[in-house]
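Below: the structure, in structure tokens.
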Amino acid sequence: FYALTYGMPVMMANRVGSEADLTFWGRSRILDPFGRLLAGAAGSGEELVRAELYFDDVRRARYQLPTLRDSNLPLLHREIERLMQAPTQPGYEKQPGVRDVYSQ
């Protein structure tokens, strides 16, 4: 999901084996910026997972994937800044019809 959404490689590491009542399934993996599996562990024991990543793949994925290519960065920045303001800060504007989670 994250590889496809953001056009970036993703590395997932997980333990393998058991500890007390917990069982860890392992299967660590590395995905390319398109979400394709580059390398993965079998899951039956400890393994070292390695893969080569290429910056050109990241550039290509970010251009081809509309979530980043078509995003309106100034709008995104403005909205994140607005959402991060506490209601006591100057400039905080409560939107009509929106429940204020800070006052609960």
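In a DSSP loop and with at most 13 other Cβ atoms within 10 Å, the GluC sites (Glu not before Pro) in segment 19-61 are GLU46, GLU52. In segment 14-60, which chymotrypsin sites (Phe, Trp or Tyr not before Pro) fall in coil by DSSP and have 12 or fewer other Cβ atoms within 10 Å? Sparse-neighbourhood loop chymotrypsin sites (Phe, Trp or Tyr not before Pro): TYR54.
Which distance in nm do the two modelled labels at TYR63 and MET11 give, with both placed 7 Å along the Cα-to-Cβ direction? Taking the simple label geometry, TYR63 and MET11 are separated by 2.7 nm. The slack between SER18 and ARG50, meaning 0.36 nm per residue of separation minus the straight C-alpha distance, is 9.1 nm. Going from the residue with the fewest nearby Cβ atoms within 10 Å to the one with the most, ARG29, ARG60 rank ARG60, ARG29.
Reported value for segment 2-87: 134 Å³ per residue, from the convex hull of its C-alpha atoms. Dipole magnitude for segment 2-87: about 320 debye, using +1 per Lys or Arg Cβ and -1 per Asp or Glu Cβ, origin at the Cα centre.
Only the coordinates and a few stated rules stand behind these numbers; no lab work does. What you see is a predicted model, and the numbers here were worked out from it, not measured in a lab. All Cβ positions, even for glycine, are placed from backbone atoms using ideal geometry, and neighbour counts span all protein chains on display.
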